[in-house]
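Okay, so here's the structure we're looking at.
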2 protein chains.
Amino acid sequence: MSPAGRPKSETARRAVLSAALDLVAEKGYQAVTIEGIAERAGVAKTTIYRSWPGKAAVVMDAVLVESDPRLAFPDTGSAAEDLRLQVSRVAELFTDPSFAKPFVGLLAASQHDEALAGALQEWLITSRRAGASEVLRRGVERGELRPDLDIPIAIDALYGALYYRLLVSHEPLSPEYGQRVVAELFTGLQSPRNSFSTGASTSAGTT
Amino acid sequence: MSPAGRPKSETARRAVLSAALDLVAEKGYQAVTIEGIAERAGVAKTTIYRSWPGKAAVVMDAVLVESDPRLAFPDTGSAAEDLRLQVSRVAELFTDPSFAKPFVGLLAASQHDEALAGALQEWLITSRRAGASEVLRRGVERGELRPDLDIPIAIDALYGALYYRLLVSHEPLSPEYGQRVVAELFTGLQSPRNSFSTGASTSAGTT
DNA sequence: TTCGCAACGCTACGTTTCGTATCGATGAAT
DNA sequence: ATTCATCGATACGAAACGTAGCGTTGCGAA
């Protein structure tokens, strides 16, 4: 049963989401206001507030529409290759301003907006991370990766490097950079000839 | 020669910085206002604007005062041990709300405030990162770490994992977690018996 | 001691944005 | 044709912003 009364305008919805993305790309997330979005979209401010609780929700919706299809996990038969591909794609997405600007804005806003943090969590962690976890699990199963690999930590390090550049160091990011991260992590920091001597000799790590 | 006229009140300065930290700890960075800081510090709003350009600068100053001494790089003779110690300390700092709340707020604000981003960059990257870089360099020199190690990338992965938890996944963070990250990175993802077969044609002289 | 000068507290102001309320008009479903 | 929630438009109070003006205060130099 559709609710009685005048249905929400799909035209207005699209105009709002599109205006939101455009404005964020132009002026940055922080500088964008609901009133600005309304004006750009040719829609009354009240119309936006009827459908979304605030700016964060609008931008979140807009980003989801545009970027959902761009991230699928491959399965080439090699964990190294799967990761290389996926991390490259993420790095590429992070360098695309039309994605990165709203995305960074949302991450920043989520630091003081629990509802938004939950939504991002759901989108990024619960669903995306499952793919990476699966890739590593297959790698371990195949004997390609260490059987005692701590998968969550490996993922933290892998994607952490990308997020670190995106949010903290603001150094340039590229697919090649992503591939180098994967390569370094695969090999490990340790010198091969020292693989028996580093720390925790009795591995019990009781400290 | 001190500039003519009444000197700035050191009492007022301390009251402002202290009030800022207290308020951020209580209500979160975003919810804190200059007017609120002024009221709590028992100081006029104009007095704050005379010394700082805005909220970010005040909180930045306050955080610097409180946390500067807590981060020095050790030199135990073992890169593994040095990193374990340092990463543990950072992880501990990230779990201390009186540091983490203002710090996260500043990082969030720096995403749309170039001046703040520059100041954070200077503090975090230029000075802190130099220490980690030095530790790794010594490790390579000693033969403890791979001679072809990409040091900047190793640092990205190491600290990236911590920042990832702090800012993105919001999973709990602890010194033990930091130590596990260091351990996993040292060993690498790769299974020892496969160390010859994983792509990375680039000079992975593993003998 | 006296004087100069800048920081101080206080108050007020114009702006911007927020989120809400109100109102007649509109238009798709029944 | 009737229903009724959405639409655009407008107005509103509440917060903060950052600035300006003004009389007061207190350190340092003459």
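The values are calculated or read from the model by the stated rules, or taken from the named source; none is laboratory data. Keep in mind it's a predicted model, so treat the numbers as computed, not measured. With ideal geometry, Cβ positions are generated from the backbone for all residues, glycine too; neighbour counts draw on all protein chains shown.
Counting only residues that are crowded, with 17+ Cβ neighbours inside 10 Å and either without any contact (Cβ under 8 Å) to a residue 24 or more places away in the chain or farther than 22 Å from A:Asp113 by Cβ (or both), the stretch B:22-35 holds 1 of them.
Applying the condition of being more than 11 Å from DNA strand C (Cβ to nearest atom) and not polar (S, T, N, Q) to the stretch A:1-19 and asking which residue is surrounded by the fewest Cβ atoms within 10 Å (Cβ to Cβ) yields A:Arg14. A:Glu39 meets each of the listed conditions (1) under 11 Å from A:Pro102 (Cβ atoms); (2) more than 9 Å from DNA strand C (Cβ to nearest atom) apart from (1).
Scanning the stretch B:88-118 for residues that are more than 11 Å from the chain's Cα centre (by Cα), without any contact (Cβ under 8 Å) to a residue 60 or more places away in the chain and assigned to a helix (DSSP H, G or I) yields B:Ser110, B:Glu114, B:Ala117, B:Gly118.
Would you confirm whether any residue within the stretch B:38-45 is under 25 Å from B:Ala117 (Cβ atoms) and at pLDDT 95 or above? There is no residue in the stretch B:38-45 that is under 25 Å from B:Ala117 (Cβ atoms) and at pLDDT 95 or above. With respect to the stated conditions, B:Ala100 fails to be surrounded by 21 or more Cβ atoms within 10 Å (Cβ to Cβ), within 11 Å of chain A (Cβ to nearest Cβ), among the aliphatic types (A, V, I, L, M) and within 16 Å of B:Tyr29 (Cα to Cα).
Please enumerate the residues belonging to the stretch B:132-142 that are free of Cβ contacts under 8 Å to residues at least 24 places away in the same chain and more than 23 Å from A:Leu158 (Cβ to Cβ). Of everything in the stretch B:132-142, those that are free of Cβ contacts under 8 Å to residues at least 24 places away in the same chain and more than 23 Å from A:Leu158 (Cβ to Cβ) turn out to be B:Arg137, B:Glu141. Kindly indicate whether A:Leu145 is free of Cβ contacts under 8 Å to residues at least 24 places away in the same chain, surrounded by 18 or more Cβ atoms within 10 Å (Cβ to Cβ) and either in contact with a Leu (Cβ under 9 Å, 6 or more places away or on another chain) or not basic (Lys, Arg) (or both). No. The set of residues in the stretch A:60-97 that are surrounded by fewer than 22 Cβ atoms within 10 Å (Cβ to Cβ) and among the acidic types (Asp, Glu) comprises A:Asp61, A:Glu66, A:Asp68, A:Asp75, A:Glu81, A:Glu92, A:Asp96. Tell me whether the stretch A:150-157 contains one or more residues that are part of a helix (DSSP H, G or I), under 30 Å from B:Glu114 (Cα atoms), in contact with a Phe, Trp or Tyr (Cβ under 7 Å, 6 or more places away or on another chain) and facing chain B (nearest Cβ under 8 Å). Checking the stretch A:150-157: at least one residue is part of a helix (DSSP H, G or I), under 30 Å from B:Glu114 (Cα atoms), in contact with a Phe, Trp or Tyr (Cβ under 7 Å, 6 or more places away or on another chain) and facing chain B (nearest Cβ under 8 Å). Taking first residues from the stretch A:152-165 that are within 11 Å of B:Leu158 (Cα to Cα) and partners that are charged (D, E, K, R), the Cβ contacts under 6 Å between residues at least 6 apart in sequence or on separate chains come to A:Ile153/B:Arg180; A:Ile153/B:Glu184; A:Ala161/B:Asp156; A:Tyr164/B:Asp156. In the stretch A:178-196, of all residues being surrounded by fewer than 22 Cβ atoms within 10 Å (Cβ to Cβ) and more than 7 Å from chain B (Cβ to nearest Cβ), the one that is modelled with the lowest pLDDT corresponds to A:Phe196.
Of A:Lys55, A:Lys8, all but one fail to be among the charged types (D, E, K, R), under 17 Å from A:Leu106 (Cβ atoms) and either near DNA strand D (Cβ under 9 Å from one of its atoms) or in contact with a Ser or Thr (Cβ under 9 Å, 6 or more places away or on another chain) (or both); the exception is A:Lys55. Applying the set (1) at pLDDT 95 or above; (2) away from DNA strand C (no atom under 14 Å from the Cβ) to B:Ile34 leaves exactly one unmet item: (2). Scanning the stretch B:72-87 for residues that are over 13 Å from B:Leu145 (Cβ atoms), within 19 Å of the chain's Cα centre (by Cα) and either at the interface with chain A (Cβ under 10 Å from one of its Cβ atoms) or not aliphatic (A, V, I, L, M) (or both) gives B:Phe73, B:Pro74, B:Arg84, B:Gln86. Per the conditions (1) more than 23 Å from A:Val90 (Cα to Cα); (2) modelled with pLDDT of 95 or more; (3) hydrophobic (A, V, I, L, M, F, W, C), the sole criterion not satisfied by A:Met1 is (2).
All told, A:Val135 falls short of being surrounded by 20 or more Cβ atoms within 10 Å (Cβ to Cβ), more than 8 Å from every other protein chain (Cβ to nearest Cβ) and under 30 Å from B:Ser78 (Cβ atoms).
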